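Every number here is computed from the coordinates shown, using simple stated rules; none is lab data. Just so it is clear, the model here is predicted, and its values are computed rather than measured. Note that each Cβ is placed from the backbone with ideal geometry, even for glycine, and that neighbours are counted across all protein chains shown.
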DNA sequence: TTATAAGATGATAATGATTATCATTTTCAA
DNA sequence: TTGAAAATGATAATCATTATCATCTTATAA
């Protein structure tokens, strides 16, 4: 069965399914490099470029989300609901914040700026539970 | 007169003074490349590496702040008070949000997570006044 | 004022993360 | 089963940023 999205009909790839499962099975927001190393347990000959390619496809398909944190490589997560992140300034880990996303914030900023606001993101910086 | 900070005694450099003045004179959050091009009006022979070097020093000295926005190169601003940013998804411009920084947010996240929270940043995504 | 040590500069090489290319292999629908 | 399109692995290319190094400048102390 094909599943298609923008311009391309993607074909089934067990490698990509496996990659998705790995991202879905963690909450550590892994980088492409980390996923590459995990995937090599199942696909010893896999190339790093293939991991990047498939991550891009999985993002495009809406199965995972790319998380861009300053000072770090791209990271990926499978949580699709909006939420905020905390970056540990000691160990560099990223944790999800169990806090409701503030829906009013966007409209408040619209009123104050005259801009059109579609969404917002918040990053908290500090020390994670282990490091504090 | 020397002014020193961490490990190094920096010597006066009119080029660096000029670079600082340029950053202080704009609210467009320019990139190193953009500042390089502006600086060449006064210093035609300046090298890009020198701009990067001096930006790093100015950040270290606390005269300017590096702004990291996803999908974009490093940007710099001379506003030292905390504030939020809006990134225009059409033209890529960055604007400052005239909104009070929420001081309670950090302690609320501390309560909810058990992490130590030092600060937070918010990016709004949408369309700037020109593009909307 | 001048000698000198430390910084500053420009040119360029190196780095690191990500993307593009290309030849080959695999998938899937007819 | 076959053929077109996608997937893959290897590798080259790209882009932003940083490091290196030889040369030039600055600040200080004699």
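Summary of computed values
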quantity	calculated
Degrees, to the nearest 10: A:104-113 long Cα axis against longest axis of chain A	60 degrees
Number of partner chain Cβ atoms within 10 Å, mean per residue of A:70-80	1
Within chain A, percent of DSSP bridges classed antiparallel, to nearest 5	70 percent
Per-bin percent of Cα-Cα distances, segment B:67-132 [5 Å]	3, 14, 23, 19, 18, 12, 7, 2, 0
Spin-label pair residue B:9/residue A:9, simplified geometry with 7 Å Cα→Cβ offset, distance in nm	7.3 nm
Residue A:93 paired with residue B:43, simple spin-label distance in nm, labels 7 Å along Cα-to-beta-carbon	4.3 nm
Rg(Cα)/(2.2 N^0.38 Å) for segment B:12-68, N = residue count	1.00
Position residue A:15, label points 7 Å along Cα→Cβ, spacing to each other copy in nm (shortest first, one decimal)	4.7
Extent along principal axes [Cα atoms of segment A:34-109; Å; largest to smallest]	51, 33, 20
Angle in degrees between helix A:14-24 and the longest Cα principal axis of chain A, rounded to the nearest 10	30 degrees
Where rotation carries B onto A, the chain B residue whose Cβ is nearest that axis, in whole Å	B:122, 2
Debye log10 I(q)/I(0) for chain A, one point scatterer per Cα, at q = 0.16 Å⁻¹	-0.92
Kirkwood Rh in Å, taken over the protein assembly as shown so that all alpha-carbon pairs contribute	21.1 Å
Sites residue A:100 and residue B:132, calculated FRET efficiency, Cβ-Cβ separation with R0 41 Å, nearest 0.05	0.90
Projected-area average for segment A:41-84 over all orientations - Cα convex hull basis, square nanometres	4.1 nm²
